[in-house]
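Here is the structure we will look at, set down as structure tokens.
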Amino acid sequence: MGITKIIIENFKTFDKIEINLDQYNVLIGANASGKSNFIQIFKFIRDISTYGLNNAIYMQGGVEFIRNSNLGISRNLIIQIDTESKDKGLFSIGTSKDDYLFMRDFRSTYRFELKFKKTRANFDIINDKFDITGKIFGINKKSLEGPRSLKDKEFVEKGESTITIKNTNQKITREYYGPLEINQDELYPPIFDKQLKKGTILIEHDTFSYGYFAIHKDISIFDFDPKIPKKAIPISGKAELAEDGGNLALVLKSILENESKRRKFLNHLKFLMPIVDNIRVKPFSDKSLLFEMREVFNKRHLPASLISDGTINLISLIIALYFDRNSVVILEEPEKNIHPYLISRVVKLLRDASENKQIIVTTHDPEVIKYTKIENILLMCRDKKGFSKISRPKDDKTLEIFIKNNIGVDELFIKQLLEPRK
């Protein structure tokens, strides 16, 4: 599952933006252009799914820091995320008179809208809707009499359909649009509690916490701080890599204890750094962990405290790309502390990982831009009113003459010639 499009209105430095996303996206722009605010969109959505709308707003600093300061309460906050299935998996959507029904090759749109108020209530939820559209396939009920295995059964295409889930005045409703007669009460997903608590939205509901409806939780955001993993950490904690990489030793322990994962990890690390011979995690009597690394030139393992910041960032990067379970991985300036010579290999890993998950990267580094195809680049800038705008340099016809004369996008970025012409 990947995010194909985002629409945002009245969020932080944004007036209104609409941008299509690919499997691999590199976001560039000057300081204070809005790159970090763009990443905050994903964090906000993920936090709503995990902690609830009110908590997510306060984690952003409150309503006054969510909305654009120039627009204030004059415009509603709108967030829309479109997704698309990347696999051929089937999932049940209910039954018709004769068939069990399944959906495949689906795409979805989730959109919510908040109206800001001057009162202490701060906002009203005025739109909250989830649409999922795809091809419907059926299996005749009679063919499943006896053992109800789907193996070797014939799926018959029934046409394209849409299921809409709405939050109307805190009540959840489902509707089906398509050529079939389906009992509305039997539609997937099952919703046992159809009443939302006041001030909450659909993606806080249990229905959206699993399977194809959980894309809003299926997002990892990383901004590594190599100083933190150099210290010993408790032997218990999160199994997934933390946003700053602080629990690196604990995650490494889990990877290195599995032979196939260990081999995969070391192969990627040696591709970036051939001098690495081995990595291990050392436990201490105080129930803490510290990882160590050995080079091919040295018989001793170096403790994390003596390993360079760049090496720790590379280790963290490999884990984020190949061992994180979420389908969307966002990396803020992954090239930090890494020698320019290695950047081409880092970009190769980013592109390779994007075959299996969606990658979004922010960067200021011309070397990253140099090795990135122009169709994968997104440019962030501020207009004359101070609003952040996002565009694709590949669509700017005025840049064609530079590209034809072998002037790279990296050089245009350094000379600030990428910003859209007024």
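General observations
- Checked against the criterion of being modelled with pLDDT of 95 or more, hydrophobic (A, V, I, L, M, F, W, C) and surrounded by fewer than 20 Cβ atoms within 10 Å (Cβ to Cβ), the candidates ILE275, ILE221 yield just one match: ILE221.
- Apart from one condition, ASP193 fits all of (1) part of a loop (DSSP other than H, G, I, E, B); (2) modelled with pLDDT of 80 or more; (3) within 29 Å of the chain's Cα centre (by Cα); the exception is (2).
- Boolean, LYS227 is exposed (fewer than 14 other Cβ atoms within 10 Å of the Cβ), under 28 Å from VAL347 (Cβ atoms) and touching a residue at least 60 places away in the same chain (Cβ under 8 Å): yes
- Any chance TYR341 is among the aromatic types (Phe, Trp, Tyr), within 22 Å of PRO274 (Cβ to Cβ) and touching a Lys or Arg at 6+ places or on another chain (Cβ under 7 Å): no
- Out of ILE221, ILE203, ILE215, sole residue that is under 26 Å from PHE44 (Cβ atoms), out of contact with any His (no Cβ under 9 Å at 6 or more places or on another chain) and not in a loop (DSSP other than H, G, I, E, B): ILE221
- Close pairs (9 angstrom Cβ cut-off, 6 or more residues apart or separate chains): closer than 16 Å to TYR100 by Cβ and in contact (Cβ under 8 Å) with a residue 60 or more places away in the chain in the range 183-194, assigned to a loop (DSSP other than H, G, I, E, B) and among the polar types (S, T, N, Q) anywhere: ASN183/SER96
- Residues being part of a loop (DSSP other than H, G, I, E, B), modelled with pLDDT under 70 and surrounded by 12 or more Cβ atoms within 10 Å (Cβ to Cβ) - total across the range 377-407: 1
- The conditions of being in contact with a helix residue (DSSP H, G or I) (Cβ under 9 Å, 6 or more places away or on another chain), outside any strand (DSSP E or B) and under 18 Å from LEU321 (Cβ atoms) are met by LYS264.
- From the list LEU306, LEU314, the one residue that fits, being surrounded by fewer than 22 Cβ atoms within 10 Å (Cβ to Cβ), over 15 Å from the mean Cα position of the chain (by Cα), free of Cβ contacts under 8 Å to residues at least 60 places away in the same chain and within 20 Å of ASP244 (Cα to Cα), is LEU306.
- Look at (1) within 23 Å of VAL409 (Cβ to Cβ); (2) touching a strand residue (DSSP E or B) at 6+ places or on another chain (Cβ under 8 Å); (3) at pLDDT below 95 and you find that MET1 fails only one, number (1).
- Flag: ARG345 does not match the condition of being basic (Lys, Arg), surrounded by fewer than 18 Cβ atoms within 10 Å (Cβ to Cβ) and part of a loop (DSSP other than H, G, I, E, B).
- Only one of the numbered conditions (1) of a type in the set (Lys, Arg); (2) crowded, with 16+ Cβ neighbours inside 10 Å; (3) more than 21 Å from GLY246 (Cα to Cα) is violated by ARG300, and that is (2).
- Of residues in the range 200-242 being out of contact with any Lys or Arg (no Cβ under 9 Å at 6 or more places or on another chain) and of a type in the set (S, T, N, Q), the one farthest from LEU53 (Cα to Cα): THR207
- Within the set SER74, SER33, the sole residue that is in contact with a Cys (Cβ under 8 Å, 6 or more places away or on another chain), closer than 21 Å to SER388 by Cα and not basic (Lys, Arg) turns out to be SER33.
The values are calculated or read from the model by the stated rules, or taken from the named source; none is laboratory data. Note that the coordinates shown come from a computational prediction; the quantities given were computed from them, not determined experimentally. Don't worry about glycine lacking a Cβ; one is built from the backbone with ideal geometry, like all the others, and counts go over all protein chains shown.
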